[in-house]
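K.L.:
First the structure, then my questions, so here it is.
All of the numbers you see were taken from the coordinates with simple rules; none came from a lab. All values derive from a computational prediction rather than experimental measurement. No Cβ is skipped: glycine too gets one built from the backbone with ideal geometry, and neighbour counts run over all protein chains shown.
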Amino acid sequence: MRLINNLYIIFLGAPGSGKGTQAAYVAQKLNLVHIASGNLLRQAVEQGTELGRQTRSYMEEGVLVPDPISIRIVLERMSAPDCESGVILDGFPRNLKQAETLDKVLAREAKAIDKVVYIKVSEKGLIKRLSGRWVCRSCQTPYHIISSPPKVWGKCDRCGGELYQRPDDTMEAVKKRLEVYFAETVPLIDYYTRADKLVEIDGEGGVDEVGKRIVAALQAEKVCG
Ligand code: AMP
């Protein structure tokens, strides 16, 4: 796959839809920077920074951190030199306020979001995926005990880091995160449909199968060749 233009692509989907895994895969294929807001926030919590102290309780509860914080960290990351040819955004925007702010900031530089890849998975599938999820503490690569287990149990295939279960993958926090998703993030589907930017992908099936669907859809949309 090769890039046709500077690209700004958003991956949208419920927690557990596989959007993080697919965003990382497509970013690698297109040689674009993958910006996952949840990963940026988790790193801050792990490192015990001021930002981490401000956001920890929201994240553990499964609710959104305040907009000024999430918007600032993502825009700061997007302004780094390695993001000049575009980025893949994963987990951001998460509500209308974030989406509108992002549009305004990009418009100031005569840029715009090109496509929004919406990965659709049934609610039953989401809970199944989230309850078996383990993540690398160092590089954040996600694994699943059944669908994508690591080669050596407890160790990351990519960097050898320790795998752990996210504190917000408990049943209670998962329920809260899904509630937040339906209340705050789902309206973005309509927002980007009206802007004619939404590309809906069937997210049921294996990682490779869904990945192939996304690549084919982006090629059909002439986003990449
Ligand atoms: P994720 O890794 O995308 O599932 O995000 C984990 C948690 O980080 C979420 O439940 C929120 O608490 C927080 N978070 C991630 N992205 C955002 C965002 N764009 N806006 C607000 N909170 C966010």
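K.L.:
Can you bin the stretch 129-225 into rounded, prolate or oblate? Criterion: square roots of the alpha carbon gyration tensor eigenvalues sorted a ≥ b ≥ c, rounded for a/c under 1.5, prolate for a/b above b/c, oblate for the rest. Before the final figure, lay out the partial values.
P.N.:
Numbers: a/c = 2.57, a/b = 1.38, b/c = 1.87.
Since a/c reaches 1.5 but b/c is at least a/b, the shape of the stretch 129-225 is classed as oblate.
K.L.:
Using the alpha carbons of the chain, what is the convex hull volume per residue in cubic angstrom, as a whole number?
P.N.:
Convex hull volume per residue, Cα atoms: 120 Å³.
K.L.:
What number, in percent, do you get for the relative contact order of the chain if the mean sequence gap of Cα pairs under 8 Å and at least 6 apart is divided by its residue count? Can you show the working numbers first?
P.N.:
On the way: 330 pairs, mean separation 69.3, N = 225.
For the chain, the relative contact order is 31 percent.
K.L.:
Still on this model: Do you know the relative contact order of the stretch 83-149, to the nearest whole percent, from alpha carbon pairs under 8 angstrom that are 6+ apart? If you can, show how the numbers build up before the last one.
P.N.:
On the way: 25 pairs, mean separation 9.1, N = 67.
Relative contact order, the stretch 83-149: 14 percent.
K.L.:
Ala107 versus Glu76, label points 7 Å from Cα toward the beta carbon: distance in nm?
P.N.:
2.6
K.L.:
Turning to a different aspect of this structure: Please go through the residue pairs Lys104/Lys155; Lys104/Lys128; Lys29/Lys120; Lys19/Lys111 and name each one whose alpha carbons sit more than 31 Å apart in this structure.
P.N.:
On the way: Lys104/Lys155 42 Å; Lys104/Lys128 37 Å; Lys29/Lys120 21 Å; Lys19/Lys111 24 Å.
With Cα atoms farther than 31 Å apart: Lys104/Lys155; Lys104/Lys128.
K.L.:
A follow-up question, please. At what distance in nm do the modelled label points of Lys175 and Glu123 sit from each other, each positioned 7 Å from its Cα along Cα→Cβ?
P.N.:
The answer from the label model is 1.2 nm.
K.L.:
What is the calculated FRET efficiency for Glu50 to Cys83, with r their C-beta to C-beta distance and R₀ = 25 Å, to the nearest 0.05?
P.N.:
0.60
K.L.:
Counting other C-beta atoms within 10 Å, and keeping those with at most 14, which DSSP coil GluC sites (Glu not before Pro) do you find in the stretch 80-189? Mind showing how you got there, number by number?
P.N.:
Numbers: sites: Glu84, Glu100, Glu109, Glu123, Glu162, Glu172, Glu179, Glu184; in loops: Glu84, Glu109.
Here the sparse-neighbourhood loop sites are Glu84, Glu109.
K.L.:
Separate question: Can you return the aspartates and glutamates within cross-link range of Lys175? Criterion is Cα-Cα under 13 Å, with same-chain partners fewer than 8 residues away left out.
P.N.:
Cα-Cα hits under 13 Å: Glu60, Glu61, Glu123.
K.L.:
Out of Gly38, Gly16, Gly206, any idea which swings most in a Gaussian network model of the chain, alpha carbons joined below 10 Å?
P.N.:
Of Gly38, Gly16, Gly206, the most mobile in the Gaussian network model is Gly206.
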